[in-house]
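Q: Quick one: structure below, then a few questions.
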């Protein structure tokens, strides 16, 4: 279904992601689910395609695009293949926006190139005993 919201660039990205998911994710997904993690190599492959650096400024190896629709396409194509790329989405949709908003120049130089290529991974640490992931309940 073609939607007015997406441009030809988004549709080209969709085709790239669809082919990648079919070739690199679907054949291994059950194994990854049992292991409880996505392999680091997957991030490096996504990085080499430019998927991880879409919103990272060009000066640091990214595309410099601040367009949530690329993340929507990634999510749609994963769902289409009945897989989830939650760890990838956490990096792109949760952690990276904080880096983009708050990192100083030194931090950008240190982290952005590796995040764009998939050489570096991010995580979210937001828990403490007795609160789980209830951020409002955290006391430290």
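Q: Write out, first by first residue and then by second, each pair whose Cβ atoms fall under 8 Å of each other, whose residues are 6+ apart or on separate chains, and whose first residue, in segment 94-116, is in contact (Cβ under 8 Å) with a residue 60 or more places away in the chain and at negative phi while the second is part of a helix (DSSP H, G or I) and surrounded by 13 or more Cβ atoms within 10 Å (Cβ to Cβ).
A: Sorted first by the residue in segment 94-116, then by its partner, the pairs are 115/91; 115/96; 115/99; 116/47; 116/60.
Q: Which numbered condition in (1) in contact (Cβ under 8 Å) with a residue 60 or more places away in the chain; (2) in a helix (DSSP H, G or I) is the only one that residue 121 fails?
A: Against the list (1) in contact (Cβ under 8 Å) with a residue 60 or more places away in the chain; (2) in a helix (DSSP H, G or I), residue 121 comes up short only on (2).
Q: Given the conditions (1) under 19 Å from residue 45 (Cα atoms); (2) assigned to a loop (DSSP other than H, G, I, E, B), which single one is not true for residue 96?
A: Unmet for residue 96, out of (1) under 19 Å from residue 45 (Cα atoms); (2) assigned to a loop (DSSP other than H, G, I, E, B): (2).
Q: Select from segment 44-67 the residues that are within 11 Å of the chain's Cα centre (by Cα), farther than 14 Å from residue 113 by Cβ and assigned to a helix (DSSP H, G or I) and list them in ascending order.
A: Scanning segment 44-67 gives a single hit, 46.
Q: Quick check: is even one residue across segment 65-88 touching a helix residue (DSSP H, G or I) at 6+ places or on another chain (Cβ under 9 Å), surrounded by 12 or more Cβ atoms within 10 Å (Cβ to Cβ) and on the phi > 0 side of the Ramachandran plot?
A: No, every residue in segment 65-88 fails to be touching a helix residue (DSSP H, G or I) at 6+ places or on another chain (Cβ under 9 Å), surrounded by 12 or more Cβ atoms within 10 Å (Cβ to Cβ) and on the phi > 0 side of the Ramachandran plot.
Q: Also, I was wondering about something else. Looking only at segment 109-140, which residues are surrounded by 11 or more Cβ atoms within 10 Å (Cβ to Cβ) and farther than 25 Å from residue 72 by Cα?
A: Answer for segment 109-140, where residues must be surrounded by 11 or more Cβ atoms within 10 Å (Cβ to Cβ) and farther than 25 Å from residue 72 by Cα: 109, 110, 127, 128, 131, 132, 134, 137, 138.
Q: So which of 4, 41, 19 is within 26 Å of residue 125 (Cβ to Cβ) and surrounded by fewer than 16 Cβ atoms within 10 Å (Cβ to Cβ)?
A: After applying the criteria, what remains is 41.
Q: Name every residue in segment 2-31 that is part of a helix (DSSP H, G or I) and touching a helix residue (DSSP H, G or I) at 6+ places or on another chain (Cβ under 8 Å), in order of residue number.
A: 10, 13, 14, 16, 17, 18, 20, 21, 24, 25
Q: Got at least one residue in segment 47-61 being surrounded by fewer than 21 Cβ atoms within 10 Å (Cβ to Cβ), free of Cβ contacts under 8 Å to residues at least 24 places away in the same chain, touching a helix residue (DSSP H, G or I) at 6+ places or on another chain (Cβ under 6 Å) and on the phi > 0 side of the Ramachandran plot?
A: No, that holds for no residue.
All of the numbers you see were taken from the coordinates with simple rules; none came from a lab. Since we're looking at a predicted model, the values are computed, not measured. Don't worry about glycine lacking a Cβ; one is built from the backbone with ideal geometry, like all the others, and counts go over all protein chains shown.
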